[in-house]
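Comments concern the structure below.
Please treat every number below as a calculation from the coordinates, not as lab data. All figures in this text were calculated on a predicted structure; none of them were measured in a lab. Here Cβ is always computed from backbone atoms with ideal geometry, including for glycine, and neighbour counts include all displayed protein chains.
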Amino acid sequence: MKRINFIMMRSGQCFLIFFIYYVTAHCSFSITPGSICDRIENAPIKELTSSSDPNEEKVYEDPGTIVVYHGFGCAQSDKPGTEDFIKVAQSKEVARYAQAAVFLNGWNSKYLNGDKNLAGLATMIRNIRLESGTLKWEAVGVFSDDSFENPYGWCYFYTVIAWNPARIDLLVDQKDGGCDTHDPAEANFFFAKNEGTTTALSTYPTIIQNIGLIGKKTVAIAPRGFGFTWGHDDTPGDHNLLQIGYHMEHAEIFNEKGKRYQKGLRGTTTSGEDFSFVDKGYVSWEAHAIFKDDDGRRNYQFGEMVSALAGDDLGVIQPPFSVLPIEDEGGILTTCVSGPGPLKTEELEIDNIPYEYAVPMLTGWELGYHCGDNNVEEIGMWIDKWSYQKDPGTAAGKLRYTLSSFLRDDDGKPYFDSRHKVTVLGLKPVVAGVKPIQSD
């Protein structure tokens, strides 16, 4: 079992916004976002082919304070030859006094008729709402070659946190916004194009504004969805895959002091004068993505969907991570050597977590073939199970988790590399005002 140690230090942080990408919700997989918004919204709810046992989903519970669940759901496309999005609905009952959040903690997709080229893939959790003690949501997946000729199976993995707001100072923003929204407070979806660059790496800052986050010490951005597709408006297509990856940097809070922004980004006054929300809290982070075959350059599109968690009882442990095209890594994935089979499973520990409660989030991952690009039959990375143990009266706890990754074509021979980052949400700090960082 691998072990990761952390130390506790005070630290100051700064962030510079260079530029902002903003688009409306639910448009991650497509070169025609408007039409895809409607297709996802109107897609029928499919039956789950398998799901986790509700009796085994509970990770831990402190009665009257917090309960945490971890589960999965799977479904299949049944309309080969059509643009078929899988959409499922799931829910979790919580105490009526509780607030609750759900976020994405892994994914897996598989062609059912052998390996194929890849046009795009996406997974997201959307339409989250808390109704009469039940947290409800929908999950959407897609996995396709250029013509959707092949049926596919898809699974997603989720984590649910439900807490008593009278005992834990924590709030969540998990709105979606509509396809026609222009309100930044509704914009939990962000999108970028990678074109004309020398490599397949994309990086861009994103921003969200919500007045409910004002005055909170810490904000954490939780992953809720991603999407990749080759090309852009006039160059769609499918290709072999060499490398795919996603990394979400930590969030920063900053306050405006009389600053002004371009018209339409924050709104205008009744006189038409541009304005900003003075002294309001804004949250920013940086997303990195990579999607490539053996070509040194190929255009693609990438989108992410997120939630924001904030509160004075919240802390974040954020280990370092990076995604780089393999040509910039010195070719670490290009050496053809023997390796494990298509499924990799790791058991890991994170020690010295100075919080009463802790929750892992899969915020960075990378998958790639060793010996050049190949077709894909099955691909994914997910947290299988996890636990957190902290004895009463002790200064720190221990997080254990099992992570699996999968990448293969139909003969299963090409070896692959996988890397990941787990960000830890800490709740109720043992030592107030102390932030943990990874030790050297």
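In Å, what Rg and Dmax follow from the Cα atoms of region 34-179?
Spelled out, the Cα radius of gyration and Dmax of region 34-179 are 16.8, 52 Å.
What is the distance in Å between the Cα centroid of region 49-109 and that of region 123-142?
Between the Cα centres of region 49-109 and region 123-142 lies a distance of 8 Å.
For the pair residue 295 and residue 384, how long in nm is the line joining their label points, each one 7 Å along Cα→Cβ?
Label at residue 295, label at residue 384, 3.8 nm between them.
Once you have the Cα-Cα distance between residue 395 and residue 322, take 0.36 nm times their residue separation minus that, and quote the gain in nm to one decimal.
23.2 nm
With the cut-off at 20 Å, tell me which of the pairs 216/385; 79/116; 92/421 have Cα atoms farther apart than that. Don't skip to the answer; put the middle values down first.
Details: 216/385 30 Å; 79/116 17 Å; 92/421 27 Å.
Distance filter (> 20 Å) returns 216/385; 92/421.
To the nearest 0.05, what FRET efficiency results for residue 62 and residue 91 with a Förster distance of 25 Å applied to their C-beta separation?
0.65
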